[in-house]
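Here is the structure we will look at, set down as structure tokens.
The values are calculated or read from the model by the stated rules, or taken from the named source; none is laboratory data. Values in this document were obtained by computation on a predicted structure and should not be read as measured data. Counting neighbours? That spans all protein chains shown, and the Cβs are built from the backbone with ideal geometry, glycine included.
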Amino acid sequence: MENTDNILNEMQQQLRQLKDKLEGEKIVNEKLLKNAYRSKLGSLKRKGLVQTIIGIIAMLLCLNLLNMGFSVPFVIATEVMLAFCLVATVIINNRLPSMDANLVTAAKGVTRFKKGYANWLWVGIPLLVVFLAGMGYEILKNENFPAEAKTPMLIGLGVGLVIGGAIGLVLRHNILAKSDETLAQIEDLMKGE
């Protein structure tokens, strides 16, 4: 009988040790998930900062259009459009939660960011069409450009549109995919709590 009690006590002790180890594993897994979530969130924030910097550089470079012979109204309209896009980008990127936000707030912030970023095409594409039409009109009707330069300029506009559009769509896809990954990790963390 005493032998059976010893075996039972040993089994209970081993069960407690196993339980302690499993709880330790859960804490480690939660830490890994939180670190991965913070890493993805940090990546989204860095991409937002890069977009903001590119927007500022684009606004500064746009002023060179005056030196190239484009009209003042076209340059002003382009600057206003770029400023609007820059402000919208900053607003959308500010929807991302802080690194130490609770999980519910983080999920809401990432969801709002993703929705704003996905819906931006409804504004961005019409602005792009208006800009391209304006630039095409400027190239064709502006007397500052020699006739032999107009065709290469229009070809350059088309090539820039294709390359810029491809880069933009790839970046958009990557950011939306990162948003989905971040939301999935937040959901995993919320299930663990």
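Some notes on this structure:
- When G134 is tested against (1) loosely packed, with under 15 Cβ neighbours inside 10 Å; (2) more than 17 Å from the chain's Cα centre (by Cα), just one condition goes unmet, and that condition is (1).
- The listed residues are L8, L44, L49, L96, and the only one of them that is among the aliphatic types (A, V, I, L, M), farther than 30 Å from N142 by Cα and either modelled with pLDDT under 80 or in contact with an Asp or Glu (Cβ under 8 Å, 6 or more places away or on another chain) (or both) turns out to be L8.
- Candidates L171, L161: the one that is of a type in the set (A, V, I, L, M), in contact (Cβ under 8 Å) with a residue 60 or more places away in the chain and either farther than 16 Å from F74 by Cα or surrounded by fewer than 15 Cβ atoms within 10 Å (Cβ to Cβ) (or both) is L171.
- Search result, residues across region 118-132 that are aliphatic (A, V, I, L, M) and within 17 Å of E79 (Cβ to Cβ): L127, L128, V130, L132
- Applying the criterion of being over 17 Å from the mean Cα position of the chain (by Cα) and surrounded by 17 or more Cβ atoms within 10 Å (Cβ to Cβ) to the residues of region 77-130, the residue that is nearest to A177 (Cα to Cα) is L103.
- Within region 84-133, the residues that satisfy the criterion of being hydroxyl-bearing (S, T, Y), part of a helix (DSSP H, G or I) and under 14 Å from L41 (Cα atoms) are T105, T111.
- Scanning region 52-82 for residues that are on the phi > 0 side of the Ramachandran plot and modelled with pLDDT of 90 or more yields a total of 0.
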